[in-house]
Amino acid sequence: MGKVTRSKSVSDAPSILYLVKQVQYKAYVRLESILQPLGVTAVQFRILTTLSTRPNMSSASLARLYDVKPQTMIKQIAILETKGLIGRSVSKANKRRLDLTLTDSGTAIVKQLGKDTRALERELLSPLDADEQDQMRGYLLRLLASLSGIDDESEDGELAEEFTREHRRPGVQRL
């Protein structure tokens, strides 16, 4: 006799929160395998990516953007500077502020990791066709907006900071 399959009721189905966390964890492990050979962590990749789109930010501005303590950001900045991926210079606008910029090495790493993370995203999403990927992206954006207390769009039609191109990049996450 063949095995009878029954549709799972909502109470029998795995928790969506559990599934999201499992997918996030497995994707993070894969991301780390891409970042590790280049000596960059996910947190450092996020900082580098931000500086690639917004040069001359201060560490205090980065700390506010990521909602972390300035001391936490300063530690990451020091590591990136030691690795030769970013440089600090006195701000032209405020002599008491140090602006952060990518070095040539930092720019090269961001470019390489951009290619690698896009390839990883294509691999991870390969079980879904283009329409399913678009639907999933839409669902996730709606959930993120809801959890962030953000309307679908702000008054000027721009999505909030968390939805900018830089923040939507694969592997980008809060510190």
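General observations
- With respect to (1) over 28 Å from T101 (Cα atoms); (2) at pLDDT below 95; (3) open to solvent by less than 70 Å² (accessible area, probe 1.4 Å); (4) not hydrophobic (A, V, I, L, M, F, W, C), the lone exception for S52 is condition (1).
- The one condition in (1) in contact (Cβ under 8 Å) with a residue 12 or more places away in the chain; (2) under 30 Å from P127 (Cα atoms); (3) open to solvent by less than 80 Å² (accessible area, probe 1.4 Å) that P14 fails to fulfil: (1)
- On inspection, T103 does not qualify as modelled with pLDDT of 95 or more, open to solvent by 90 Å² or more (accessible area, probe 1.4 Å) and not small (G, A, S).
- There is no residue in region 75-90 that is within 27 Å of Y139 (Cβ to Cβ) and of a type in the set (G, A, S).
- In region 63-86, the residues that are over 18 Å from the mean Cα position of the chain (by Cα) and either surrounded by 16 or more Cβ atoms within 10 Å (Cβ to Cβ) or part of a helix (DSSP H, G or I) (or both): P70, Q71, I74, K75, A78, I79, E81, T82, K83, L85, I86
The values are calculated or read from the model by the stated rules, or taken from the named source; none is laboratory data. Since the structure is predicted, the reported quantities are computational estimates derived from the model, not experimental observations. Positions of Cβ are generated from backbone atoms using ideal geometry, with glycine treated the same way; all protein chains shown enter the neighbour counts. In case anyone asks, the SASA skips ligands and DNA or RNA and just uses the protein heavy atoms, side chains included. Shrake-Rupley method; radii C 1.70, N 1.55, O 1.52, S 1.80 Å.
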